[in-house]
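Here's a structure for you.
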Amino acid sequence: MKLKVFHRTHYSYSRPVVDSFNEARLQPVDNADQQRHSFILKVLPSTRLKHYLDFYLNCVHLFELPNAHAELSVEATSIVTTSNSPTLDADSATCRLADLESAAVLNQCYDFLQGSPYVDIGPGTWRMAIDIIEQETDIWQIAQRIMRYVNTEFRYEPNSTHVHSTMEEVLQLRSGVCQDFAHVMLGLCRAIKLPARYISGYLYNGPAEHLKGAQASHAWVEVYIPPHGWIGLDPTNNRIVDGHYVKIGVGRNYSDVPPVRGTYRGTQERKMTVDVLVSLLDEAATVPATHAAA
């Protein structure tokens, strides 16, 4: 599936600000499952861009605006071809959870077995995960059970949480957005020693589909399934990741892969709007949807 991704983040400040230092993780990955044909990043006011690969090999673009400015716009346009065929079918049999206890797997996946303020793996989460999986031992089936649980038990509700919401807060609210669904699934998987990592990207919502999270940056989970490697699951839509998904970055949780992050000196009064459009290439003339964040 050949897709065009447009993403614009725009900040407006009540008074001019200075010394703005920023990083953007907006470039799609280029690998066996996803071919990146082009990527263009524009920043206004115009400035020099630098880039590097972070610890998880995500491409990070850096830029700074030392002079006074009342607005900042970050606009990324990408064209990619994605794989339509998932590595595993829903009914596929893989290995047992006990097979993940080898030193090699634990060492390779160490970062994706740990807890954080975003991802709780304490006794309560472990108990919840055990109740979900019941007697199932196949790790692929376990992962799908956890995905279905999160999708069923939590309500997708934009603006009910924020980017710093913890898994504990989401468990209490029983609602959230794709980032929160991903964090809950990460906690449940990691609590039973199933390696799981946070994925940032985008979701194409076709004209006959009603997928949640396609109006902005999307997030899902990848679980480690030997010998296949990392396989994507989307708890927000109860869906195995396929060609509808454009992958941008990998991390332990949201804080590792925010689309745009930065600091500046000046007023705290600002408005942020995000425009996102993911389309088949022949639909590229469509106007992007807009949503605002305080």
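Which listed residue (H210, S165, V105) has the Cα farthest towards the positive end of the charge dipole for segment 97-256, taking +1 on Lys and Arg C-beta and -1 on Asp and Glu C-beta about the Cα centre?
Highest projection toward the positive end goes to H210.
Also, I was wondering about something else. Do the sum for the chain: with -39,500 (n - 2.57) for every DSSP H run of n ≥ 4, divided by all residues, what is the mean residue ellipticity at 222 nm, to the nearest 500 deg cm²/dmol?
After summing the helix terms and dividing by the residues of the chain, the value is -5500 deg cm²/dmol.
Check the straight Cα-Cα distances from K2 and name the lysines below 26 Å, setting aside those fewer than 8 residues away within the same chain.
Straight-line reach from K2, under 26 Å: K42, K212, K247.
Report, in whole Å, the centroid distance computed from the Cα atoms of segment 243-281 and segment 202-230.
Their Cα centres are 16 Å away from one another.
Turning to a different aspect of this structure: Need one number: nm distance between label points at L88 and E71, each 7 Å from Cα along Cα→Cβ, rounded to one decimal.
4.8
Which distance in nm do the two modelled labels at R15 and E168 give, with both placed 7 Å along the Cα-to-Cβ direction?
Rounded to a tenth, the inter-label distance reads 3.7 nm.
Can you match Kirkwood radius over Cα pairs in Å to one of these, (1) 20.7; (2) 19.8; (3) 23.2, based on a calculation from the structure here?
Given (1) 20.7; (2) 19.8; (3) 23.2, the structure-derived one carries the label (2).
Give a residue-ordered list of calculated ³J(HN,Hα) values for segment 29-43 (Karplus: 6.51 cos²θ - 1.76 cosθ + 1.60, θ = phi - 60°; whole Hz; x for Gly, Pro).
With coefficients 6.51, -1.76 and 1.60, one gets 6, 10, 8, 5, 9, 8, 9, 8, 8, 7, 8, 10, 10, 10, 10 Hz.
Now a separate question. On a straight-distance basis, which aspartates and glutamates could pair with K271 in a cross-link, Cα separation under 16 angstrom, same-chain partners fewer than 8 positions away excluded?
Correct list for K271: E71.
If you average the sequence gap of Cα pairs under 8 Å that are 6 or more apart and divide by the length of segment 77-199, what percent do you get for the contact order?
Relative contact order for segment 77-199 comes out at 34 percent.
Right, here's the next one. Evaluate E = 1/(1 + (r/R0)^6) for A104 and T263, where r is the Cβ-Cβ distance and R0 equals 45 Å; express this FRET efficiency to the nearest 0.05.
0.70
Okay, which of segment 31-68 sit inside 15 Å, backbone N to the point 7 Å along the Cα-Cβ direction of M1?
Correct set: 33-35.
I would also like to ask the following. For segment 74-134 and segment 1-59, what is the centre-to-centre distance using only Cα atoms, to the nearest Å?
First find each Cα centre; the distance between them is then 26 Å.
Sticking with this structure for a sec: In degrees, nearest 10, range 0 to 90: what is the angle between the Cα axis of helix 178-191 and the longest Cα principal axis of the chain?
It works out to around 40 degrees.
Readers should treat all values here as calculations from the given coordinates under stated rules, not as data from a laboratory. Source: prediction; values computed, not measured. Please note: Cβ atoms are built from the backbone with ideal geometry, for glycine as well, and neighbour counts cover all protein chains shown.
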